[in-house]
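Shown next, in C-alpha cells, is the structure this report addresses.
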Amino acid sequence: IYREIIPRELTEIRQTRFTAVFKPEWIMPDGSLNTEKLFTMFQAFWRENSEIWKEDMAGYREAAPHLTFQAFLQRVANGKGFIGREFAYGTKRADLVLKWQYPEGEQRIVIELKTLSQKDPYETVKTAALEQTAAYADKCGATESHIIIFDRWGKTNWKDKVFSDTGEFNGYKIKIWGM
C-alpha cells in the first residue's frame, strides 16, 4: 500500500500537470473514460500479442488473459484510476472493477473475463457471464459493465474472434467483447 500511495501523494502536482499535457485517447473531453476506445484498443493489443502466452498455465486457462488485461489496464490506473481485483473463488464476484475519478464523479466499471472451450461455447459462457456480471454490477453500484470473452482454443480465425456484442440481465445492459 505504501509503495503505491505515498509516491502518488508526493508527486500529485506533477501527475496532474502530466495528464493535462498528455491526453490519452481513452479519455473523453469531460475527463471520463471512453471504454469503447479502451476495449477496442485492447482487442487490437490482444490480437497482436496473445501468442506470447501458453494456452494453459498450470491448469488455469484464464491466467494469461487475466494477467495481460490487468497489465494493459495499469496505464489507466496510473492516471486517475484504481483497479479492484476480486479473487474470492466461488463468490460469483466480477474479476475486475475499474474505478475512474473525473470532474462529474466516479465511473465504476465492472469487468468479467471468461474463456471459451469446447464444452463451454459462446452462448453458454455469455448466459452465465451476463447473470454473474449483472449481480455484481448491482452489488457495487456500477456505472457500466463489460464482459471479455477470450477464444483460446485456436479453431476460430481472428476475423471472427474480435467482435462486440451486447446483452442484458435484470435491467443491466452489458457490453461483450470478443478476443
Of all residues in the stretch 133-160 being open to solvent by less than 30 Å² (accessible area, probe 1.4 Å) and polar (S, T, N, Q), the one that is farthest from VAL110 (Cα to Cα): THR133
Strands (runs of 3 or more DSSP E) lying entirely in the stretch 44-127 (those with 3 or more residues that are surrounded by 12 or more Cβ atoms within 10 Å (Cβ to Cβ) and either modelled with pLDDT of 90 or more or over 14 Å from the mean Cα position of the chain (by Cα) (or both)): 96-102, 105-116
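Report the residue count in the stretch 1-43 for those that are hydrophobic (A, V, I, L, M, F, W, C), more than 17 Å from TRP177 (Cβ to Cβ) and modelled with pLDDT of 80 or more.
Number of matching residues: 2.
The values are calculated or read from the model by the stated rules, or taken from the named source; none is laboratory data. Since we're looking at a predicted model, the values are computed, not measured. So basically every Cβ, Gly included, is an ideal-geometry build from the backbone, and we count neighbours across all protein chains shown. Ligands, DNA and RNA are stripped out before the accessible areas are found, and what is left, the full protein with its side chains, is counted by its heavy atoms. Shrake-Rupley method; radii C 1.70, N 1.55, O 1.52, S 1.80 Å.
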